[in-house]
1. So which residues in segment B:26-75 are open to solvent by 40 Å² or more (accessible area, probe 1.4 Å) and either of a type in the set (A, V, I, L, M) or on the phi > 0 side of the Ramachandran plot (or both)?
2. Out of curiosity, is E:K81 modelled with pLDDT of 95 or more, more than 21 Å from E:V2 (Cβ to Cβ) and touching a strand residue (DSSP E or B) at 6+ places or on another chain (Cβ under 6 Å)?
3. Could you list, in sequence order, the residues of segment E:1-29 that are aromatic (F, W, Y) and either farther than 15 Å from E:L100 by Cβ or under 14 Å from the mean Cα position of the chain (by Cα) (or both)?
4. Mind checking which residues of segment B:127-137 are in a strand (DSSP E or B) and touching an Asp or Glu at 6+ places or on another chain (Cβ under 9 Å)?
5. Out of B:C33, B:C75, report the one residue that is within 14 Å of chain A (Cβ to nearest Cβ) and touching a strand residue (DSSP E or B) at 6+ places or on another chain (Cβ under 6 Å).
6. Counting just the residues of segment F:86-110 that are under 23 Å from F:M1 (Cβ atoms) and in contact with a strand residue (DSSP E or B) (Cβ under 9 Å, 6 or more places away or on another chain), which one comes out nearest to the other protein chains (Cβ to nearest Cβ)?
7. Out of segment F:96-107, which residues are surrounded by fewer than 23 Cβ atoms within 10 Å (Cβ to Cβ) and either among the β-branched types (V, I, T) or in contact with a helix residue (DSSP H, G or I) (Cβ under 6 Å, 6 or more places away or on another chain) (or both)?
8. Tell me yes or no: at least one residue of segment A:18-25 is among the hydrophobic types (A, V, I, L, M, F, W, C) and crowded, with 17+ Cβ neighbours inside 10 Å.
6 protein chains.
Amino acid sequence: MVYLTRVEHFNAAHKLWNTEWSAEKNKEVFGKCANENWHGHNYEIHVTIKGEPQPETGFIFNAKRLSVIIKEYVCDKIDHKNLNMDVDFMAGKFTTAESLTVAIWGQLEPVLREEGVALHSIKLYETPRIYIEYFGN
Amino acid sequence: MVYLTRVEHFNAAHKLWNTEWSAEKNKEVFGKCANENWHGHNYEIHVTIKGEPQPETGFIFNAKRLSVIIKEYVCDKIDHKNLNMDVDFMAGKFTTAESLTVAIWGQLEPVLREEGVALHSIKLYETPRIYIEYFGN
Amino acid sequence: MVYLTRVEHFNAAHKLWNTEWSAEKNKEVFGKCANENWHGHNYEIHVTIKGEPQPETGFIFNAKRLSVIIKEYVCDKIDHKNLNMDVDFMAGKFTTAESLTVAIWGQLEPVLREEGVALHSIKLYETPRIYIEYFGN
Amino acid sequence: MVYLTRVEHFNAAHKLWNTEWSAEKNKEVFGKCANENWHGHNYEIHVTIKGEPQPETGFIFNAKRLSVIIKEYVCDKIDHKNLNMDVDFMAGKFTTAESLTVAIWGQLEPVLREEGVALHSIKLYETPRIYIEYFGN
Amino acid sequence: MVYLTRVEHFNAAHKLWNTEWSAEKNKEVFGKCANENWHGHNYEIHVTIKGEPQPETGFIFNAKRLSVIIKEYVCDKIDHKNLNMDVDFMAGKFTTAESLTVAIWGQLEPVLREEGVALHSIKLYETPRIYIEYFGN
Amino acid sequence: MVYLTRVEHFNAAHKLWNTEWSAEKNKEVFGKCANENWHGHNYEIHVTIKGEPQPETGFIFNAKRLSVIIKEYVCDKIDHKNLNMDVDFMAGKFTTAESLTVAIWGQLEPVLREEGVALHSIKLYETPRIYIEYFGN
């Protein structure tokens, strides 16, 4: 079993906000991340798949094709967007890094499975000092 | 003459928008950066000062003090903020990286001059692939 | 299960030294790392916790609070210190990266457990080319 | 159990090519990577070993010795080389990052085992955006 | 005057070789870089332009357009290529980083000048530890 | 005129201390950097030379030879050392990054001049967030 990771980037705005709470409670819990006028990040995403190198190519999967899939199903939908307002697959969810990582798994896993590829993990850097990893369960 | 650089970070939301243009014209010129619901970045700022090492300390200026000044006059005002809406020193300006860099110079230069320190340059990374440098004229 | 990592930094001096050995033996085994007058590093520490995102916040744990804990129980005790001489939780231990990583786990795990948080791993970079990972057993 | 990683570098030329296919088929499958006159990369390799810190040193293994082994059995054989033409342990293999990573495991694992060291993983960056991990099975 | 830099990447094979010298002399002078079967690098290029922010946009030049120009006139011609064999603008030249940087300036400067943009410098990383800067004279 | 930079590393211990001051005064001015038992850093040094590419090689100077010189005249003297106690060319000087950068220029400039090479600048990272540049006057 060999693991291949492809790294991509996107930039987005968001705020951390529980719509059932008052503004005061949101600021108490989420601090600066609850700025009502938004803030944003340069996100870096690492998509890791696993499999056996194929006898005809030595690839477990074409990394260029993997990049195209990540762009189509993830980056094109969230790059230069507002995660709370503009992204269908984040509707009704918190836009924490945890939540976004799980949602990105949900976007990619079925598409990759249909291509016969096993998704292993999503790693998402929100800043150079904070990152999330998710393995699907 | 020795040059000392201190690096700091902040995260912010913005959009590129000329208020005298239609939405169509803004999107034509600024592309994805004109998303009306904002996007954002992890900015990295390099503040470079210059001077002679002082005979009593070997410092041209205390880097810890420089960090405190950058935080007070820049980061505290823009970190986790919306550059178009929340930042007094950006009012009425474009929030391009160019404009922001020149505005940060305007924030820091008078404060540093009053401390007897010569500001040499501001370098601002908007993304790992785009950065601006400004030397004050 | 989602994994959240927070990265922090500290700078410290140390030497690798077995007090039961002669200086010659120490130099033979530890090489340049046994310089009697010390050397030092910029350490980078990655603290990874795991858990379920909480329904009220979307956080598995507040990353800001995690940062405060790491600073209080680790960085404040070892930053700008001599690992062999100044650090209570390293007393009587080798100051290898291996030893330091295990000791940092011992500092953080009980505190995090008391906050209801499961510590998953400590990753410690001694230099950009040497790093240690420890998972608690 | 503690994990120690040592990072090394090498530069090499290669092309992705299935010798049983026509040039057209190779270009269709491998794209730009099938340029007949070669292209190349700065590879970064992370070699991770695992074990218990030894009571006399606090090391699981001397990182300097690990570096010497990686250089002797890997880097000296492939640095500034053509992976398709010049490297004995790649003969008859694809020079994909997957294939190269598995071959590097094959080079290092027996040597480390003879030194009493357990190899845990090889991580190979082909570019800053594509990397492979292999754990030996 | 404000300086804007755009960073791009390409991968290429090359060898350092003086065609008027014997193989022995080439190996004596260029060392491992004279491997006859080539080696290669992941190059990183920083293209810096300078100018005044324009009153209608706050841009000195559209960074997206700059990226398109760099790709068309540089990256598309050398990415996944052999610098000694495949690149018209390197014909008859050494493929040292120095030579390549000057040649890239020659590719970009006239195109940018025609767009009304002043090219300030080309910075080229051949490896993370070796880079060249050129300012046009 | 072309500029070539070679990057090298070293690790060292130091403390910031004015021997004419009391311990209290040292701690007031230098803060944590005045810990009497030392602290340390992974330093990164960028040595930039300038010149014309030579007609026989395309090099302004052999980067491998430059690396050997930096190691002999700088790194071998300060790597894994105590900058206040062990380094002849720092005797009687502050071990601030400013002071160390100027002293490294003093080590390298005469040696490079004798080889016919013009030293342009020394850039020294003390941490990823603090760096010094010196151009020789």
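1. Of segment B:26-75, the ones open to solvent by 40 Å² or more (accessible area, probe 1.4 Å) are B:27-28, B:32, B:36-37, B:44, B:50, B:52-56, B:62, B:64-65, B:68, B:71-73.
Matches in segment B:26-75: B:V68 only.
2. Working: modelled with pLDDT of 95 or more: yes; more than 21 Å from E:V2 (Cβ to Cβ): yes; touching a strand residue (DSSP E or B) at 6+ places or on another chain (Cβ under 6 Å): yes.
Criteria met by E:K81.
3. So in segment E:1-29, the residues aromatic (F, W, Y) come out as E:3, E:10, E:17, E:21.
Listed by number, the residues that qualify are E:Y3, E:F10, E:W21.
4. Step one: filter segment B:127-137 for residues in a strand (DSSP E or B), giving B:127, B:130-134.
Within segment B:127-137, B:Y131, B:I132, B:Y134 qualify.
5. Details: B:C33 fails: touching a strand residue (DSSP E or B) at 6+ places or on another chain (Cβ under 6 Å).
Within the list B:C33, B:C75, the selection yields B:C75.
6. Here is the first cut: in segment F:86-110, the ones under 23 Å from F:M1 (Cβ atoms) are F:101, F:104-105, F:108-110.
Imposing the further condition that a residue be in contact with a strand residue (DSSP E or B) (Cβ under 9 Å, 6 or more places away or on another chain) reduces the set to F:101, F:104-105, F:108-109.
Working: F:T101: 7, F:I104: 12, F:W105: 10, F:L108: 16, F:E109: 15 Å.
Once the filter is applied, the top-ranked residue is F:T101.
7. Of everything in segment F:96-107, those that are surrounded by fewer than 23 Cβ atoms within 10 Å (Cβ to Cβ) and either among the β-branched types (V, I, T) or in contact with a helix residue (DSSP H, G or I) (Cβ under 6 Å, 6 or more places away or on another chain) (or both) turn out to be F:V102, F:A103, F:Q107.
8. Filtering segment A:18-25 down to residues among the hydrophobic types (A, V, I, L, M, F, W, C) leaves A:21, A:23.
Applying the additional criterion that residues be crowded, with 17+ Cβ neighbours inside 10 Å yields none.
No, segment A:18-25 contains no residue that is among the hydrophobic types (A, V, I, L, M, F, W, C) and crowded, with 17+ Cβ neighbours inside 10 Å.
The values are calculated or read from the model by the stated rules, or taken from the named source; none is laboratory data. Keep in mind it's a predicted model, so treat the numbers as computed, not measured. So basically every Cβ, Gly included, is an ideal-geometry build from the backbone, and we count neighbours across all protein chains shown. Accessible surface is based on the protein model in full, side chains and every heavy atom, while ligands, DNA and RNA are left aside. Shrake-Rupley method; radii C 1.70, N 1.55, O 1.52, S 1.80 Å.
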